[in-house]
Amino acid sequence: MSNNKKVVLAFSGGLDTTYCAIYLSKVLGMEVHAVTVNTGGFSDEEVKAIEARAFALGVASFKCIDVTRSYYDDCIRYLVFGNVLKNGTYPLSVSAERIIQAVTIANYAVETGAENIAHGSTGAGNDQVRFDMVFRAILPDAKIITPIRDQKLSRETEIGFLKEHGVEMNFEKAKYSINKGLWGTSVGGKETLTSREYLPEDAWPTPVTESEPRTLELGFEKGEIVSIDGEKFNHPSLLIQYLQNIAQPYGIGRDIHVGDTIIGIKGRVGFEAAAPILIIKAHQLLEKHTLTKWQTYWKDQLATFYGNWLHEGQLLDPVMRNMESFLESTQITVSGSVFVKLEPYRFTLLGIESPHDLMNSAFGSYGEMNNGWSGEDVKGFTQIFGNQVSIFNKVNKLQHVD
């Protein structure tokens, strides 16, 4: 079959991508190559089940690409360096994951020589923009096929089509939609479609089973988390998964994010992300002790833009590489331990230990005493530091300006 009939399909095994697999092959007569990208959310058993479904639908090939480690290396580490929480809340659990999935699928399409690439996004969400932009950047000449969006399909229409083609699957819609990855799990349901309701306890994928307080020591080296209670891991992604298993049963990191979608409407999504929240908050505390005022200020400005631009699908913009270089350069002294106390539904940052701690008693203790300057030094500094404001007030008082 010629490459103009070969299509790489982003495949999750859900209703939409199942429809796409059948439509592309049975209606359009295309050779479908299904690709699932594992960003740390699928077990081996789940991958096997997705593979079996794909072949049952008649795809020409199936491939699962595990990018858990590269997901961290190419994306998550910079979200930690920047302490990125969109709207002060959301660790970009899904939006970051979608970009990495899109890049992986596009690169696979390049490797296989496919001239067509497809995804199952609807026309109502962010993912359609993220996938399209990445595909166009990496495969500018490829045809992007989006059956669900283009045909404006309802769930009932999809189910009817699949039944006509003899597809057997559980068509009952789950009460809550769950998307799990290395950097957190999203939860969507009827409550998140409103502005008023909060998710009930049974909606959260991880039940709260831990009740006894526990203190952890999180170790960082140059801004990257490397150990828990002194135990080191071969790769930070393994540590994130380990910490998630410890902390999520406390109910930590649960919240609902409200934000502006790429397409201009407000959106609401629940998430549980104990490890991401703990790591970001611990890292931020360590930075408060080890960075200067202006390092922190400029890093915050760039990190806010970085998180927003990533959320909107722009990871491939070269300015992102520039900002990543800056963020990484700020982490040279961000090493040490952060002590965190876990309790049901909350955590407390107890303090830090670091050889780079700028709260060094050799230079004085805030509100207590100073060792590095005299009272006369402060008098002179204050006079010069406030000179312009003093002049402004004197001049404008003479002019009787309130």
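Do we find a residue being under 23 Å from residue 69 (Cβ atoms), surrounded by 15 or more Cβ atoms within 10 Å (Cβ to Cβ) and touching a strand residue (DSSP E or B) at 6+ places or on another chain (Cβ under 6 Å) anywhere in the stretch 290-306? Within the stretch 290-306, none of the residues are under 23 Å from residue 69 (Cβ atoms), surrounded by 15 or more Cβ atoms within 10 Å (Cβ to Cβ) and touching a strand residue (DSSP E or B) at 6+ places or on another chain (Cβ under 6 Å). The C-beta contact set for the stretch 42-53 (first residue more than 19 Å from residue 69 (Cβ to Cβ), second residue assigned to a helix (DSSP H, G or I), distance under 9 angstrom, 6+ apart or interchain) comprises 53/18; 53/21. Starting from residues that are open to solvent by less than 10 Å² (accessible area, probe 1.4 Å) and in a loop (DSSP other than H, G, I, E, B), keep the ones in the stretch 331-340 and report whichever is farthest from residue 306 (Cα to Cα). If we take residues in the stretch 331-340 being open to solvent by less than 10 Å² (accessible area, probe 1.4 Å) and in a loop (DSSP other than H, G, I, E, B), then 334 is farthest from residue 306 (Cα to Cα). Specify the residue that is most open to solvent (accessible area, probe 1.4 Å); the eligible residues are those in the stretch 5-23 that are within 20 Å of residue 122 (Cβ to Cβ), part of a helix (DSSP H, G or I) and of a type outside the set (Phe, Trp, Tyr). The selected residue is 16.
Across the stretch 230-246, the qualifying residues are those that are farther than 28 Å from residue 189 by Cβ and under 16 Å from the mean Cα position of the chain (by Cα), and the one among them that is surrounded by the fewest Cβ atoms within 10 Å (Cβ to Cβ) is 236. Considering the stretch 202-211, the residues that are of a type outside the set (Val, Ile, Thr) and open to solvent by less than 40 Å² (accessible area, probe 1.4 Å) include one that is farthest from the chain's Cα centre (by Cα), namely 203. Show the residue pairs that are 6+ apart or on different chains and have beta-carbon atoms under 8 Å apart, the first residue being within the stretch 165-176 and under 10 Å from residue 56 (Cβ atoms), the second being basic (Lys, Arg). Taking only residues 6 or more apart or on different chains, the pairs are 169/53.
Scanning the stretch 247-284 for residues that are surrounded by fewer than 19 Cβ atoms within 10 Å (Cβ to Cβ) and touching a strand residue (DSSP E or B) at 6+ places or on another chain (Cβ under 8 Å) yields 255, 256, 258, 259, 260, 261, 266, 267, 268, 281.
Quick check on my filter: what residues within the stretch 62-99 are among the small types (Gly, Ala, Ser) and open to solvent by less than 30 Å² (accessible area, probe 1.4 Å)? 82, 93, 95, 96 - these are the residues of the stretch 62-99 that are among the small types (Gly, Ala, Ser) and open to solvent by less than 30 Å² (accessible area, probe 1.4 Å).
Selection of first residues in the stretch 135-157 that are at positive phi and of second residues that are modelled with pLDDT under 95, restricted to Cβ pairs under 7 Å at least 6 apart or on distinct chains, gives the following pairs, ordered by first then second residue: 152/123. Mind checking whether some residue in the stretch 176-192 is open to solvent by 60 Å² or more (accessible area, probe 1.4 Å), closer than 23 Å to residue 268 by Cα, assigned to a loop (DSSP other than H, G, I, E, B) and among the hydrophobic types (A, V, I, L, M, F, W, C)? No, the stretch 176-192 has no match at all. Within the stretch 24-42, being assigned to a helix (DSSP H, G or I) and either crowded, with 19+ Cβ neighbours inside 10 Å or touching a Gly at 6+ places or on another chain (Cβ under 7 Å) (or both) holds for 24, 25.
Evaluate the following for residue 53: is it farther than 30 Å from residue 295 by Cβ, assigned to a helix (DSSP H, G or I) and open to solvent by 30 Å² or more (accessible area, probe 1.4 Å)? Against the criterion (farther than 30 Å from residue 295 by Cβ, assigned to a helix (DSSP H, G or I) and open to solvent by 30 Å² or more (accessible area, probe 1.4 Å)), residue 53 qualifies.
Answer yes or no as to whether residue 199 is open to solvent by 90 Å² or more (accessible area, probe 1.4 Å) and within 23 Å of residue 266 (Cα to Cα). No; evaluated as a whole, the condition is false for this residue. Sort through 287, 217 and tell me the only one that's touching a residue at least 24 places away in the same chain (Cβ under 8 Å), acidic (Asp, Glu) and outside any helix (DSSP H, G or I). Just a single option satisfies the conditions, and that option is 217.
The values are calculated or read from the model by the stated rules, or taken from the named source; none is laboratory data. This is a predicted model, so every value here is computed, not measured. Positions of Cβ are backbone-derived with ideal geometry, glycine not excepted, and every protein chain shown enters the neighbour counts. Keep in mind that these areas ignore ligands, DNA and RNA; they rest on the heavy atoms of the full protein, side chains included. Shrake-Rupley method; radii C 1.70, N 1.55, O 1.52, S 1.80 Å.
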